[in-house]
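Peer 1: I am attaching a structure below and will ask some questions about it afterwards.
The values are calculated or read from the model by the stated rules, or taken from the named source; none is laboratory data. The shown structure was predicted, so the numbers you read here are calculated from the model rather than taken from an experiment. No Cβ is skipped: glycine too gets one built from the backbone with ideal geometry, and neighbour counts run over all protein chains shown.
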């Protein structure tokens, strides 16, 4: 494989590349700071803010991300992740997502840490290609209240271990699928959890990404196609390709309880107003 191909974000094995890079980062981090020590830090941390869905019937997870592999740079060096995040919160976002993947999204754990500190008590989720419980602990120590788990890159045992780690620390988890194969793969693990709510605290969300992370192609119709197969026992999150109020209304009519939106909000001149408009569209 040539150097050019290895760095082409549109190659079919994008997800495999991201997974391999994540494993390498996790190994380096654990070699520098052991699992046992990190576990102790995570357990001593202040309890994370809970994810509480609004009574309005539709919620938005607003994302802070510097770059998109398909759209390129979304924010310049002058971006203040905390200002962006605070605008999201003022617009009514229920939770925030922060990209921490460094190579294609130009994210960092430092971004996560600064945003989580700035918007407390709003819950902040670490979004990355996480592959081990160590990275869940890393997220909690950095202030995250939740983590994203991509079903396509995790075997069931690892998925269960990561869920147990996150839930044991009081975090919420967004489990992401793209198609029926991924859904069937993760459902035995999700069904073993029992209720995804602890009182009014939401512990687990099921996300549907209309972007196939293997090829990065978007198929918005995927939301409607997979909806009849989704379990009614947990809230559904629509991910990727969402920019307009009309899309949110369509998703809400299909039964999606939340949407995760990043690129369009990062490009908006008034992110608070953009969040507000999307939230209202789903109600």
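Peer 1: Considering only the stretch 203-246, how many residues are part of a helix (DSSP H, G or I), in contact with a strand residue (DSSP E or B) (Cβ under 8 Å, 6 or more places away or on another chain) and at pLDDT 95 or above?
Peer 2: Keep residues of the stretch 203-246 that are part of a helix (DSSP H, G or I), which gives 222-229, 245-246.
Still in the running and in contact with a strand residue (DSSP E or B) (Cβ under 8 Å, 6 or more places away or on another chain): 222-223, 226-227.
Those left that are additionally at pLDDT 95 or above: 223, 226-227.
Number satisfying all stated conditions: 3.
Peer 1: Whether any residue in the stretch 96-111 is under 12 Å from the mean Cα position of the chain (by Cα), surrounded by 23 or more Cβ atoms within 10 Å (Cβ to Cβ) and either part of a helix (DSSP H, G or I) or in contact (Cβ under 8 Å) with a residue 60 or more places away in the chain (or both) is what I want to check.
Peer 2: The answer is yes; a qualifying residue exists.
Peer 1: Go through (1) surrounded by fewer than 20 Cβ atoms within 10 Å (Cβ to Cβ); (2) not in a helix (DSSP H, G or I) for residue 117 and report which single condition fails.
Peer 2: Against the list (1) surrounded by fewer than 20 Cβ atoms within 10 Å (Cβ to Cβ); (2) not in a helix (DSSP H, G or I), residue 117 comes up short only on (2).
Peer 1: Sticking with this structure for a sec: Looking at the stretch 73-88, which of its residues are free of Cβ contacts under 8 Å to residues at least 60 places away in the same chain, touching a helix residue (DSSP H, G or I) at 6+ places or on another chain (Cβ under 8 Å) and surrounded by fewer than 20 Cβ atoms within 10 Å (Cβ to Cβ)?
Peer 2: Across the stretch 73-88, the qualifying residues are 82, 86.
Peer 1: Sticking with this one: Report, by residue number, each residue of the stretch 195-220 that is crowded, with 20+ Cβ neighbours inside 10 Å and over 17 Å from residue 94 (Cβ atoms).
Peer 2: Once the filter is applied, which keeps residues that are crowded, with 20+ Cβ neighbours inside 10 Å and over 17 Å from residue 94 (Cβ atoms), the stretch 195-220 yields 208, 209, 210, 213.
Peer 1: Of everything in the stretch 40-70, what is more than 28 Å from residue 15 (Cα to Cα) and outside any loop (DSSP other than H, G, I, E, B)? Give them in sequence order.
Peer 2: Of everything in the stretch 40-70, those that are more than 28 Å from residue 15 (Cα to Cα) and outside any loop (DSSP other than H, G, I, E, B) turn out to be 40, 41, 42, 43, 44.
Peer 1: Only one of (1) surrounded by fewer than 21 Cβ atoms within 10 Å (Cβ to Cβ); (2) part of a loop (DSSP other than H, G, I, E, B) is not met by residue 129, so which one is it?
Peer 2: That leaves (1) as the condition not met.
Peer 1: Just checking, which of 251, 278, 260 is touching a residue at least 12 places away in the same chain (Cβ under 8 Å), crowded, with 20+ Cβ neighbours inside 10 Å and outside any helix (DSSP H, G or I)?
Peer 2: Every option except 260 fails the conditions.
Peer 1: Here is a follow-up. Taking residue 181 as meeting all but one of (1) in a loop (DSSP other than H, G, I, E, B); (2) without any contact (Cβ under 8 Å) to a residue 12 or more places away in the chain, write down the number of the exception.
Peer 2: Result: residue 181 fails condition (1) only.
Peer 1: Also: When the residues of the stretch 253-263 are narrowed to those that are modelled with pLDDT of 95 or more and under 19 Å from the mean Cα position of the chain (by Cα), which ends up nearest to residue 80 (Cα to Cα)?
Peer 2: Once the filter is applied, the top-ranked residue is 261.
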